[in-house]
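Here the structure comes first, spelled out in structure tokens, and everything after it is commentary.
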Amino acid sequence: MEMLGQKIKELRVLKGLTQEDLAEKTHLSVRTIQRIENGDVDPRTYTLQLLAEALGVELEEFTKEKIEQKLSVKDQNKVMQWLALLHLSGIFVMFIPPLIIWIWKKEELKEYEDHFKVVMNFQISMLIYIMASLFLVLIVVGIILLPLIGIFATAVVIYNSVKVINGEAYHYPFTIKILR
């Protein structure tokens, strides 16, 4: 919406119109014009038609922009889903699922590589801790540590996957940074 609003504002300024002038020409309120230009609202086609006529442009100029924005949001959602899947694949403490996702999607976005390294570092760290716990089974301590590591790793992976899909910062504690 912001890009569409910016385009409308630029055209209005190019025509030498104030928001009040444009509101008068379109029979819309000044507040509506302000909200459209700020990207606070998604104007309907009828409103875009009024604005196009008042600004002397074709309606397609605005609808094309609107479609591109929706595609952009859709693409961003798809990226977030793939990143969340990459993180969630760490629940298996195996290297193959995240490796396949990374190889398949690495060309599309630089972020995949950063996320991949973090997920792999966490998985390698958990594998090291599991191996140490298996050794410690001989002195009984490992019997307690193994399930705790499993529960901890699962909880961290699920928590961070949700964080990633919501676009929030994530953190994997107790991770040894092997891949940089």
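Restricted to the stretch 55-68, and to residues there that are at pLDDT below 80, in contact with a helix residue (DSSP H, G or I) (Cβ under 6 Å, 6 or more places away or on another chain) and of a type outside the set (D, E, K, R), the residue that is surrounded by the most Cβ atoms within 10 Å (Cβ to Cβ) is F62. Sub-7 Å Cβ pairs linking a first residue in the stretch 155-171 that is at positive phi to a second residue that is in a helix (DSSP H, G or I), at least 6 apart or interchain, are G167/M80, ordered by first then second residue.
Listed by position, the helices (runs of 4 or more DSSP H) contained in the stretch 1-50 that have at least 3 residues being more than 27 Å from the chain's Cα centre (by Cα) and closer than 16 Å to F62 by Cβ are 2-14, 19-26.
The values are calculated or read from the model by the stated rules, or taken from the named source; none is laboratory data. Because the structure is predicted, anything quoted here is derived from the model rather than measured. Glycine gets a Cβ as well: all are built from the backbone with ideal geometry, and neighbour counts include every protein chain shown.
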